[in-house]
Amino acid sequence: MNTPAATGAPPQPRSLESAFEDTIARDQRVEPRDWMPDGYRKTLIRQIAQHAHSEIIGMQPEGEWITRAPSLRRKAILFAKVQDEAGHGLYLYSAAETLGADRADLTEWLIEGRQKYSSIFNYPTRTFADVGVIGWFVDGAAICNQVPLCRSSYGPYGRAMVRVCKEESFHQRQGYELLLTMMRGTEEQRAMVQDAVDRWWWPSLMMFGPPDDNSPNSARSMAWRIKRHTNDELRQRFVDMTVPQAEKLGVTLPDPELRWNEERGHHDFGTPDWDELKRVISGDGPCNAERIARRRAAHEEGAWVREAATAHAAKQAARASEGAAA
Ligand SMILES: CC(C)(COP(=O)(O)OP(=O)(O)OC[C@H]1O[C@@H](n2cnc3c(N)ncnc32)[C@H](O)[C@@H]1OP(=O)(O)O)[C@@H](O)C(=O)NCCC(=O)NCCSC(=O)Cc1ccccc1
């Protein structure tokens, strides 16, 4: 057969595209050196960069409690969790770099407000119970969303998700365990937990994104198997998973419409305030300005480290080439 490989001719665009389509149809992985359509590459850079930014900005709400943790044990756990989030951000920026993105550009676009990060990190952490509820709800939502992403069609993203999910699972458990401890405490502590649950429930449901009939990227991302489930499917999975956990904990989820639907085999629940999600995404949430200002300051204060590392790398390279020439 006169295939491009057999004739030695460069592969034709059509064959590249069909090879890509075959890879997706066979549920195999697309790897960095494979040909991929521009739209696929752009969609992945958008989603992976937003995800990386979310991990990095997501260090702030809980990070504020490291110096105020109520015991050495809680401080050590929280420290480990926030460091894991930095690690997740770095894997994800690396995954974006395999697509040709430049991490310095991505950081620039984040602090200029040209790229998004998860809406959830624009809410304040008022008490230590918020640390527990972030672990329980936010990491719980992240797990629901990210376990299917381990099967995402783009290899480096899917593989990064495997380790990230293992760590998120520890994060979720530490949050739930913190809350169980508080619920066994005083009346005041139980009230703190309920108050945090009331404030974080709806924003956590919004993490899954707009409803399916208003999610412009879903159809394309599902066809490319970047996303494996729709926003509403994952939101439902999160609600079904969380309701029994809330019962065990002894807290009430703040939704009068929440009830088991025997026919559907799922919980029915109320409608999140989609206008609020729009406002928060477009920069007008309670903490957007603070989060970005903090990230910008950290980036500027770290300039000397980047300069020193670049100078060191240049010196090492010069030494290596002197050594090779000698
Ligand atoms: C599901 C979705 C987030 C959105 O679906 P898509 O198909 O991509 O979009 P869709 O068409 O449905 O939406 C239209 C537009 O709205 C944007 N938008 C939607 N929702 C949000 C939102 N909530 N916040 C902000 N923006 C949102 C969306 O980007 C799009 O805008 P664009 O067109 O780009 O201008 C997807 O990107 C995904 O699965 N990402 C990977 C997971 C990920 O990033 N996880 C982050 C949490 S990591 C974590 O929590 C770990 C942790 C725990 C604790 C402490 C610290 C860290």
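The values are calculated or read from the model by the stated rules, or taken from the named source; none is laboratory data. The structure displayed is predicted, hence computed values, not measured ones. All Cβ positions, glycine included, derive from the backbone under ideal geometry; neighbour counts span all protein chains shown. Each accessible area value is taken on the protein alone, full model and side chains, heavy atoms only, with ligands, DNA and RNA left out. Shrake-Rupley method; radii C 1.70, N 1.55, O 1.52, S 1.80 Å.
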Here the net charge surrounding Asp130, from other residues whose Cβ is less than 12 Å away from its Cβ (Lys, Arg +1; Asp, Glu -1), is -1
Of every hundred units of 1.4 Å-probe accessible area on the chain, the number belonging to carbon and sulfur atoms, as a percent, is 54 percent
The alpha-carbon center of region 8-87 and that of region 173-235 are separated, in whole Å, by 19 Å
Scaled by the rule-of-thumb 2.2 N^0.38 Å, the alpha carbon Rg for region 180-232 gives a ratio of 1.78
For Leu72, the accessible surface traced by a 1.4 Å probe with all protein chains present amounts, in square angstrom to the nearest 10, to 140 Å²
Hull surface over four for the Cα convex hull of region 168-326, reported in nm², is 16.4 nm²
Computed for region 1-143: size of charge dipole around the Cα centre, +1 on C-beta of each Lys and Arg, -1 on C-beta of each Asp and Glu, debye to nearest 20, value 420 debye
Computed over the chain: longest principal axis from alpha-carbon atoms vs helix 303-325 long axis, angle to nearest 10 degrees, is 30 degrees
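Where Rh denotes the Kirkwood radius from the mean inverse Cα pair distance, what is Rg over Rh for region 248-326?
Numbers: Rg = 26.8 Å, Rh = 18.8 Å.
Over the Cα atoms of region 248-326, Rg/Rh equals 1.43.
Rounded to the nearest 0.05, what FRET efficiency do Glu188 and Arg294 have when you use their Cβ-Cβ distance and R0 = 30 Å?
On the way: r = 30 Å, r/R0 = 1.01.
Efficiency for this residue pair is about 0.50.
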Going residue by residue through region 61-78, the Karplus relation 6.51 cos²θ - 1.76 cosθ + 1.60 with θ = phi - 60° gives ³J(HN,Hα) values, rounded to whole Hz and with x marking Gly or Pro, of x, 7, x, 4, 9, 4, 6, 10, 4, x, 8, 4, 4, 5, 5, 5, 5, 5
Of the listed pairs Lys75/Lys166; Lys81/Lys166; Lys166/Lys248, those with alpha carbons more than 19 Å apart are Lys75/Lys166; Lys166/Lys248
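With N set to the residue count of region 74-174, report its C-alpha Rg divided by 2.2 N^0.38 Å to two decimal places. Please list the in-between numbers first.
Values: Rg = 14.5 Å, N = 101, 2.2 N^0.38 = 12.7 Å.
In units of the globular-protein estimate, region 74-174 measures up at 1.14.
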Cα-based Rg then Dmax for the chain, in Å, read 22.5, 79
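Expressed in nm to one decimal, what extension gain is obtained for the pair Asp213 and Asp22 from 0.36 nm per residue of sequence separation less their Cα-Cα distance? It would help to have the intermediate numbers written out before the result.
Working: separation 191, 0.36 × 191 = 68.76 nm, distance 2.84 nm.
Between Asp213 and Asp22, full extension yields 65.9 nm more.
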Rounded to one decimal in nm, the spacing of the 7 Å Cα→Cβ label points at Trp109 and Asp198 is 4.0 nm
Once both label points are put 7 Å beyond Cα along the C-beta direction, the Arg173-Glu31 separation in nm becomes 3.4 nm
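More than 15 Å apart: what percent of Cα pairs in region 216-292 qualify?
70 percent
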